[in-house]
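Undergrad: Input: one structure, supplied below.
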Amino acid sequence: MNTIPLVDLSLQHKRLRDEIAGAVQGALDRGDFILGQDVSRFEEEFAEYCGVKYAVGVDNGLSALELSLRAFGIGPGHEVILPAHTFTATAAAISFTGATPVFVDVNPETWTIDVHKIEEAITPRTKAILPVHLYGLPADMNVVLGIAEKYNLIVVEDACQAHGAMYKGQRVGGIGNAAGFSFYPTKNLGACGDAGIVTTNDSNVAEKIRTLRNCGQRVKNVHEDHPFNHRLDNLQAAILRVKLKYLDEWIASRRRLAALYNTLFDDALVEKPVELPGYQHVYHLYVIRTQNRDSLQTLLKERGIGTAIHYPMPVHLQPYYLKNGTPQFSCPVAEKLVGEILSLPMYPELTEEQVSAVVSEIKSLEVKSH
Ligand SMILES: *Cc1c(COP(=O)(O)O)cnc(C)c1O
């Protein structure tokens, strides 16, 4: 039995070897390393891809979210609403501004923020909502935007897992007031190291983030704002420019493989990811739900099939977010979900035969979900 990894980045780098080498060599020849031409060109190209006016490259996805919140003046004394089921960085972006993360439970079907529980979490200190397009599926943005308008709140999208995903005909990244993307190597568009970007249609926000990422300078040697260094590395931007041309092809491949998983899985066997009408999921991760998750994961490992759990603990129960060891929030759907989810192999170069092999193994193991 040959092994099937959860993700294999070597295949995309083998295919793009010469193009990436050429892009990196070009930057080396120009000595173009800090906020160079690849950074500004990539910003233009990514903004165009997302259908937004501005994109500002930063050093990772966490910074993209943190600087977005800071650009809207969010800080100490403020509260920001986010889903309990996400990567820790979503909450960290809020904490690092000095604001307080307010965790809301997730929808039991889509696993993104439960939009019907947002209003009860709003207080006079609430300044923003930070929905997450989890696993590549957009959050229910029309409801989020409606609540934001009613209470005069900012919306920052966590699009770190959702490059290219669509919601009611619109690409994510341009739906809220700003959005943060990560180019962590395994993301749908990944650098060869850390990188991130903010997208927005607001010129003031774009300018503020350009200042914040570069030692608080709008004018050279005048440090008027927090003197952070959150710049996007030019070599990473050069590599991202090469890879952006392939993103739509890679998304199509992920969607084809997800459709095959969905067809092959028996409804009685596992709960499959949902994609409601009007949504275009980009399957950063293909996640199933089953009550026998732990035994299934162990058995698949023995058969050479790579899996992972994204994520095994809701963020409001992480030690960093407990007060005196006690949870401050109750999110029962997320608390149950984390014990039952399993991410299966998913990457554009995965073959249909490999998907069939994964499903056959799971069927042969006869681990029933309900
Ligand atoms: C990856 C990710 C981030 C953070 O991105 P980094 O580039 O690793 O800082 C934030 N939110 C979500 C949902 C992510 O998946």
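The values are calculated or read from the model by the stated rules, or taken from the named source; none is laboratory data. From a predicted model like this one, the values you see are computed outputs, not experimental measurements. Here Cβ is always computed from backbone atoms with ideal geometry, including for glycine, and neighbour counts include all displayed protein chains. These area figures cover heavy atoms from the full protein model, side chains too; ligands, DNA and RNA do not enter into them. Shrake-Rupley method; radii C 1.70, N 1.55, O 1.52, S 1.80 Å.
Undergrad: Would you mind putting 81-91, 341-351, 34-44 in packing order, based on average other-beta-carbon counts within 10 Å, highest first?
TA: Working: 81-91: 25.3, 341-351: 20.4, 34-44: 17.9.
Result, highest mean first: 81-91, 341-351, 34-44.
Undergrad: Please check: in the Gaussian network model of the chain (C-alpha springs, under 10 Å), which one of Gly193, Gly75, Gly169 has the largest mean-square fluctuation.
TA: Maximum fluctuation in the GNM of the chain, among the listed residues, is at Gly169.
Undergrad: Assuming a ≥ b ≥ c are the square roots of the Cα gyration tensor eigenvalues, decide whether segment 247-369 counts as rounded (a/c under 1.5), prolate (otherwise, with a/b larger than b/c) or oblate. The partial results should precede the final answer.
TA: Details: a/c = 2.06, a/b = 1.49, b/c = 1.39.
It is prolate, given that a/c is not under 1.5 and a/b is the larger ratio.
Undergrad: Leaving out ligands and nucleic acids, note down the accessible area per residue over segment 172-296 with a 1.4 angstrom probe, in whole Å². Present the calculation step by step, with values, prior to reporting the outcome.
TA: Values: 4900 Å² over 125 residues.
Per-residue value: 39 Å².
Undergrad: Straight-line reach from Lys336: which aspartates and glutamates fall under 15 Å, measuring Cα to Cα and dropping same-chain residues less than 8 apart?
TA: Asp105, Glu109, Asp114, Glu271, Asp294
Undergrad: Using a Gaussian network model of the chain whose springs link C-alpha atoms within less than 10 Å, name the residue from Gly176, Gly216, Gly61 with the highest mean-square fluctuation.
TA: Ranking Gly176, Gly216, Gly61 by mean-square fluctuation puts Gly216 first.
Undergrad: Rounded to whole Å, give me the distance from the Cα center of segment 263-289 to that of segment 179-193.
TA: 23
Undergrad: Please list, in chain and number order, the residues 5+ apart from Arg218 or on another chain whose amide H is under 5 Å from its amide H, with Hs placed from the backbone.
TA: Hits under the 5 Å cutoff: Glu224.
Undergrad: Scan around Gly176 for amide H atoms under 5 Å from its own, H built in the peptide plane at 1.01 Å from N, and keep only partners 5 or more places away or cross-chain.
TA: The list, which skips near neighbours in sequence, is Glu157.
Undergrad: How many angstrom separate the Cα center of segment 108-176 from the Cα center of segment 309-335?
TA: That distance is 20 Å.
Undergrad: Based on the alpha-carbon gyration tensor of the chain and its eigenvalue square roots a ≥ b ≥ c, which shape applies: rounded if a/c is under 1.5, prolate if not and a/b is larger than b/c, or oblate? Write down the numbers at each step before the final one.
TA: Working: a/c = 1.93, a/b = 1.19, b/c = 1.63.
Note, shape of the chain comes out oblate.
Undergrad: Once Rh for segment 12-53 is found with the Kirkwood sum over Cα pairs, what is the Stokes-Einstein diffusion coefficient at 25 °C and 0.890 mPa s, in µm²/s? List each step's numbers first, then the result.
TA: Working: Rh = 11.6 Å.
Translational diffusion coefficient: 211 µm²/s.
Undergrad: Right, another one. Anyone know which of Glu271, Glu109, Glu340 comes out most mobile in the 10 Å Cα GNM of the chain?
TA: Ranking Glu271, Glu109, Glu340 by mean-square fluctuation puts Glu109 first.
Undergrad: For Glu249, Glu361, give the ranking by accessible area with the largest first, probe 1.4 Å. Mind showing how you got there, number by number?
TA: Values: Glu249 90, Glu361 35 Å².
From most accessible down to least: Glu249, Glu361.
Undergrad: Moving on to the next point. Within the accessible area of the chain, what % is carbon and sulfur when the probe is 1.4 Å and the other protein chains stay in place? It would help to have the intermediate numbers written out before the result.
TA: Details: 7770 of 15390 Å².
Carbon and sulfur together cover 50 percent of it.
Undergrad: Hey, another quick one. Given the options Thr351, Val270, Ala252, identify the residue whose Cα lies farthest towards the positive end of the charge dipole of segment 247-369 (+1 on Cβ of Lys, Arg; -1 on Cβ of Asp, Glu).
TA: Checked the options; the winner is Val270.
Undergrad: Can you work out the Karplus-derived ³J(HN,Hα) for every residue in segment 140-152? Use 6.51 cos²θ - 1.76 cosθ + 1.60 with θ = phi - 60°, whole Hz, and x for glycine or proline.
TA: 6, 5, 4, 5, 4, 5, x, 5, 4, 5, 4, 9, 6
Undergrad: Determine the alpha carbon to alpha carbon distance for each of Lys127/Lys150; Lys187/Lys301; Lys187/Lys243; Lys14/Lys245; Lys53/Lys208 and list only those over 18 Å. Present the calculation step by step, with values, prior to reporting the outcome.
TA: Numbers: Lys127/Lys150 12 Å; Lys187/Lys301 23 Å; Lys187/Lys243 12 Å; Lys14/Lys245 16 Å; Lys53/Lys208 15 Å.
Where the Cα-Cα span goes over 18 Å, the pairs concerned are Lys187/Lys301.
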